[in-house]
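FYI, it's all coordinate maths here, none of it is from the lab. These figures come from a predicted structure and were not determined experimentally. Cβ placement follows ideal geometry from the backbone for every residue including glycine, while neighbour counts extend to all protein chains displayed.
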Amino acid sequence: MAHGKDLLDAIDRSVLLRSRSLLSAWMRENHDAFKARLDARFPDWKVLADLFADAGLTDRYGNKPKPESARKLWQRIKREIEIERSKPKQPARVSVRQGERPPTVTAEAPAPTASPRGEADRVLEDMKARDRKFPGVV
């Protein structure tokens with residue numbers, strides 16, 4: 001029995017994990033241009049399947065694409081791309097380690113309008129006005 005990398009190589013060679021078809025990859029790469037052509041005219045999938053085969057584009061099993069399977073593949077790819085494009089862009093997430101607090105967004109403090117000494121004098125005057133006793137403060 002294969003282990004580690006040998007097992008991964010065996011999985012790659014197996015028929016269980018087939019790569020996407022060449023036709024599927026082509027349809028994804030050329031989606032916008034192909035869609036524009038199909039929107040302009042009614043597609044003849046028999047002719048298109050023959051053109052795909054002549055260009056060497058195959059299904060995922062390496063066979064010449066059939067008209068109906070090519071049409072269904074196009075419908076699926078078109079729907080997948082529409083869904084991808086309709087999803088809103090997600091903002092980047094900030095990862096937080098367990099036990100840490102997430103970063104918080106705080107508003108910046110307004111710039112002081114008076115000098116720091118003037119502010120201290122105002123606070124002391126306010127405290128004196130409230131009859132508070134502060135030892136050592138004149």
Sequence ranges 55-67, 38-50, 78-90, ranked by mean other-Cβ count within 10 angstrom, highest first: 55-67, 38-50, 78-90
- request: For ARG37 and GLU119, compute 0.36 nm times the residue count separating them, minus their Cα-Cα distance, and round to one decimal in nm.
  value: 22.3 nm
